[in-house]
Structure formats: C-alpha cells, structure tokens
Amino acid sequence: MKRKLENSIKAAAKKIPADLVIKNGKIIDVFNLEIIEADVAIKDGVIIGIGDYEGLETHDANGAFICPGLIDGHVHMESSMIHPYHFTNTILTHGVTTIITDPHEIANVSGTAGVQFMLDATENVTVDVFFMLPSCVPATPFEHNGATLNAKDLSPLYQQKRVLGLAEVMDFPSVRDTNNEMLQKLTDALLHQKQIDGHGAGLSQDGINIYRAAQIKTDHECVTAKEAIERTQRGMYVMMREGSVAKDIKALLPAVNERNARRFLFCTDDKHLDDLVTEGSIDHNIRLAIEEGLNPLLAIQIATLNAAECFSLHDKGAVAPGFCADLVLVDNLEKFKINNVFKNGKLVVNQGKLLDAETDRTYFDIPLELTETVFAKALSKEDLMLKVDATKACNIIEIIPNSLVTNHLKEKVDTNNGVFIPSIGNDQLKLVVAERHKERGKIGLGIVKGFQLKQGAIASTVAHDSHNIVAVGTNDEDLLVAIQTLHSVQGGLVIVSQQNVVATLPLSIGGLMSDQPLEVVLNSIHELHEALTIVGNHTNFNPFVTLSFLSLPVIPSLKLTDSGLFDVNLFQKIAIQ
C-alpha cells in the first residue's frame, strides 16, 4: 500500500510516467457540472491527475466525452435470468462498472446458501459487485418460501468486505410495531456501521417518518413526484427506477432540480435479459432522463457521484485524482451510446464490444441444493377448483401494464355449478400460486384481469419474492400441464396451448437463473415471445414479467400468494368474495 501510494504521488508530480494517459477527451466534471478538456492520467488503476501528462501507454479519445463508470444503486441480478458472470459482462458493455445488489430472490429459495453462491459467483468478475443483505426472507409471514433468514443468519455475513448493509426493508408493519426480530436486524446493521435500504411502497408521510427513525436511508419504490419530494424532505435518497415492469423515471423527474438533485440516484431493480440487451442498464436511465429534459451533466452526476456517495463508495463516481479509473467514453451526451469502458485503468470494452471474456462459458460451480429446488406436489383439476357464489361480486386483481402496482376490482364472474369459469370475453382468467419448495401442498387461487390471453396458459417459477409457481390461464387443463412442466425442468418459464408445451426456458439455478451463455438464453426468450402470439397478443407489456410480481404481497393493491388473496393496503388475507 505504501509503495502504491508513493508511486501515485510521484506520477501525479510527473517524476515517473503514468501507466496510461487518455488524451483528447472532454472530461465530465460531476462536481461542478462542467466539461474539462485535459488529459486523464492513471497509475495502478487509479486516476492520479487531470491536466497535461505523459504515460507508458496513450489512448486517444478522439474528442469523446470521458464519464465516470456508471453505478446501479439497486439491482437483483437474478431477474436477468442469467448467471452473475454473464450478467456482469452484459452490463459492462453498457458502461456499468459498479452495482449494489440484493440477492433476496435466490435467498428466498435457498437461504444463506443462495447468498453465498452469489458472493462466490461475483468474487472475480470485472464489475465491482457490492451486496446488501436480504432483510425480509420471507417477505411476509403470509406465504411460504424456501428459507428463513433471521438476524443471527445475517450477522456473520457483515464480515464480508463487499457487504455494505441491509437490503430493502419491505416489512413495514414489523418496523412500525418494533417487531423484535426486525429490530435486531436493524440494530445489527447499525452496530456494524452499515447502511439500511428501504422499500416504502405506498407509505404515507408518517410511514416515511418511521422509516427514517429506523435509520432507513433510501427508497426505490416512489411512483410519483410527490412521493419523491416527501422522501427527500425527510433526508432520504430516492432511487429512480427503470426496470422491465416498474418504469418510474418519467413520473419522478419533475421532482428533480439542481437544488435537490444530489439526493437522487438511478437503479434498475428488476430487468430481464432481453431488455438489458436492447435498452441497456443505467445508460438507458440516463438517455431517458435527458429525453425528458434533464441536463445531461446532471443525469450523469445522478448515475455516478450521487450513487457513490449514497453508499459511501468514496473512490468511485468521478473523473478526478484519487478516484478509481472506472471510465466510460461516449461521443454524444444526448444519445449516450457507450463506446469504450475502462475498469481500473484497463480497457475492457472497445467500440461496444467486450474484450477478453468467456462469453460462451457454461462451467460453473453450482451447489446441488441450488439446482434441485422444485418440489411441488402433483395437482389435479379438483385442486384448481375455485368456488364462488354467482350472485356476489369477486375480488379481482387488475394488472396495470408496466407497473408493479395492481388495482383491486370487484366484479361478478361466470360460474358453473358454483365454480369459477375463466372468461376470455370478460378478460377474467384464473391465477394460481402453488408452493414449490417443501411439498407443503399449499395453493392459492384467484382471478386476474388484463392479461388478454385468448387460449392456453403461461407459468413461471420466477414469482417475487417467495418464488413459488405462478400461472395464469384460460382453462385448467393447460394450467396443469404448465405447472407439471416446471416441475419436470426444475424451474423456468413455459407457455402451453391445447395441453402442448409450445415454448419453455429452463432456469436450473434456483428456478431463477440459467447456467447457459447469454445468446442461448436470449434465443429462448425470443422463442417465448414469439409463442406468446399463440395464446394472446401482448404489445404494450411483458406478460411473464407482469406475472412474476402478482404474488408479491408488499406492493399495493391486491396480490395472490400460495395462502390466498392478500390485500396489501389492509396487509391481511381476504376471501375471494
């Protein structure tokens, strides 16, 4: 360390040459929101000067803008459905050099073994991967998942150097009521001098007061500018999210101005592979913000310095001496297309292409307990019978395209001998959540509106956050085939029509991720999307992504778990009628 510091000082003083000097570039100064035309000098992976320098190697930026490496403030890698190795390589081509991840998806399936797998899988990747420990496994006590993480399970993990704190606290009632177990998790994080992330979906101002009193620092669940202002007024950081379902940036940007912008950062939260490839990651957030009228320099500051300071990553987020040489080169700020990416002073992406990575890699050390995770009991048509009174209205989940929030409707439905019959005409379909972790035989049945299926069924083991089997269909026969198929392939996504499997994507790691290369998974996703035209016509939303959040009982208004319908606003189970 002493020798490295000595060399940095000597290189800064021009007594020895830098390792690398980037010339002819326009530096984005995220501190003053200005552009500097100067060299960037790098020694041992750290920027040691901006000005006029010579180095052992020179990179000609050809007039490109030199930005800090982008930071994703909150992401679940599992939602990409690819191995963390392939995920980090994918986001690297989009200029993301640092992420803060919450592995609560795999933790809900396999507990601490799942968390340790994610830590191990990202130990030697190029991107800096920091972790927040899952705070709510299970998310609520009203459903059944694969594991429970108590405070005593989490505490030893704080010793890991890449663990920054406690991840999104989504069980607000436990915080409000000072539940002993939740209180211990919060206390442990603070005793280890770690940060606590929030999940304030639908919370009132009083609720935010409670979260701040609990030392919860961030929220990524704002969906209106008003909510964002309420949080910044109370000292929170607001993560502006743009994922595959939750697309909140346009709604939140009116809250951002040059006086309060330092309290905002970007995140993706949950983003599917096809969206990552076609849209991008945090680079997409930047482009979208600029399109909406935000100053490009301010958008870059939000995507870099703000996120770094929020998570106390003191050597990241800026192109300045003493900061890691994580750099992104773009020719045009408005278009923000990534050309070159440097990580710790090494060129890792050239003209948008990844260098020196095993993009076709399939050999990974995956524990057996993560590859055999679907143990659902065999179901019959009788198990799927939903008894209702034809004279009374039913509680129905209505999806909102591209939103995690649902509407709670009350409508009458078609029946036959007191049993619900799905109606394509009324767009009232059967929704099923079947426990798949420990063969408990638990099954929740409900009615959903908005999927617009014309025939068949779709099903998935990606079902936030407990990741049971979730399925929606027009008839019981196709629903049963879809559920059985997921059991046979040990998790994944499937489309069934006329009792035939027309497309499937096996996800062998926890029923959440594939061990196959990006291109293989991407091709399977494209096949799924093409097959969706057989069962319906979805042009304005991704039905699989939407389906995956219908079992998440911490986001309003009405959801379905393996224990039945759950009213998030009341935070309790309710009957179908």
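The values are calculated or read from the model by the stated rules, or taken from the named source; none is laboratory data. Because the structure is a prediction, the values reported are computed rather than measured. Note: ideal-geometry Cβ built from the backbone for every residue, glycine included; neighbour counts use all protein chains shown.
Tabulated data for the structure shown
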{"item": "Any chance residue 554 is surrounded by 22 or more Cβ atoms within 10 Å (Cβ to Cβ), touching a residue at least 60 places away in the same chain (Cβ under 8 Å), under 26 Å from residue 446 (Cα atoms) and not hydroxyl-bearing (Ser, Thr, Tyr)", "result": "yes"}
{"item": "Some residue of the stretch 319-328 being closer than 24 Å to residue 194 by Cα, in the same structural domain as residue 277 (by TED's automatic domain parsing) and assigned to a loop (DSSP other than H, G, I, E, B)", "result": "no"}
{"item": "Which listed residue, of 251, 246, is out of contact with any Gly (no Cβ under 8 Å at 6 or more places or on another chain) and free of Cβ contacts under 8 Å to residues at least 60 places away in the same chain", "result": "251"}
{"item": "Residue list for the stretch 423-478, restricted to those being of a type in the set (Val, Ile, Thr), part of a loop (DSSP other than H, G, I, E, B) and within 18 Å of residue 378 (Cα to Cα)", "result": "461"}
{"item": "Selection status of residue 49, in contact (Cβ under 8 Å) with a residue 40 or more places away in the chain, small (Gly, Ala, Ser) and under 29 Å from residue 217 (Cα atoms)", "result": "no"}
{"item": "Hits in the stretch 344-358 (condition: closer than 19 Å to residue 39 by Cβ and either assigned to a loop (DSSP other than H, G, I, E, B) or within 25 Å of the chain's Cα centre (by Cα) (or both))", "result": "344, 345"}
{"item": "Subset tally (residues that are touching a strand residue (DSSP E or B) at 6+ places or on another chain (Cβ under 7 Å) and surrounded by 24 or more Cβ atoms within 10 Å (Cβ to Cβ)) for the stretch 467-482", "result": "9"}
{"item": "Residue count for the stretch 227-245, restricted to those that are among the hydrophobic types (A, V, I, L, M, F, W, C) and modelled with pLDDT under 95", "result": "1"}
{"item": "Check on residue 76, under 26 Å from residue 468 (Cβ atoms), of a type outside the set (Asp, Glu), touching a Ser or Thr at 6+ places or on another chain (Cβ under 8 Å) and buried (at least 18 other Cβ atoms within 10 Å of the Cβ)", "result": "yes"}
{"item": "Single residue of 208, 216 found to be assigned to a loop (DSSP other than H, G, I, E, B), among the hydrophobic types (A, V, I, L, M, F, W, C) and either under 24 Å from residue 91 (Cα atoms) or modelled with pLDDT of 95 or more (or both)", "result": "216"}
{"item": "Number of positions in the stretch 385-416 that are in contact (Cβ under 8 Å) with a residue 40 or more places away in the chain, crowded, with 16+ Cβ neighbours inside 10 Å and farther than 26 Å from residue 545 by Cα", "result": "1"}
{"item": "Members of the stretch 175-206 that are under 24 Å from residue 248 (Cβ atoms) and crowded, with 16+ Cβ neighbours inside 10 Å", "result": "175, 195, 196, 197, 198, 199, 200, 201, 202, 203"}
{"item": "Strands (runs of 3 or more DSSP E) lying entirely in the stretch 24-140 (those with 3 or more residues that are modelled with pLDDT under 95 and in contact with a strand residue (DSSP E or B) (Cβ under 6 Å, 6 or more places away or on another chain))", "result": "none"}
{"item": "Residues that are of a type in the set (S, T, N, Q) and more than 36 Å from the chain's Cα centre (by Cα), drawn from the stretch 371-397", "result": "391"}
{"item": "Selection within the stretch 239-285 - over 16 Å from residue 404 (Cα atoms), among the β-branched types (Val, Ile, Thr) and surrounded by 23 or more Cβ atoms within 10 Å (Cβ to Cβ)", "result": "256, 282"}
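Listed here are the residues, each with its yes/no results for (1) among the charged types (D, E, K, R); (2) more than 30 Å from residue 429 (Cα to Cα); (3) out of contact with any Pro (no Cβ under 6 Å at 6 or more places or on another chain).
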{"position": "322", "(1), (2), (3)": "no, yes, yes"}
{"position": "335", "(1), (2), (3)": "yes, yes, yes"}
{"position": "362", "(1), (2), (3)": "no, yes, yes"}
{"position": "372", "(1), (2), (3)": "yes, yes, yes"}
{"position": "376", "(1), (2), (3)": "no, no, yes"}
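Let's see how each residue does on (1) closer than 26 Å to residue 400 by Cβ; (2) modelled with pLDDT of 95 or more; (3) of a type outside the set (A, V, I, L, M, F, W, C):
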site	(1), (2), (3)
446	yes, yes, yes
462	yes, yes, no
509	no, yes, no
533	yes, no, yes
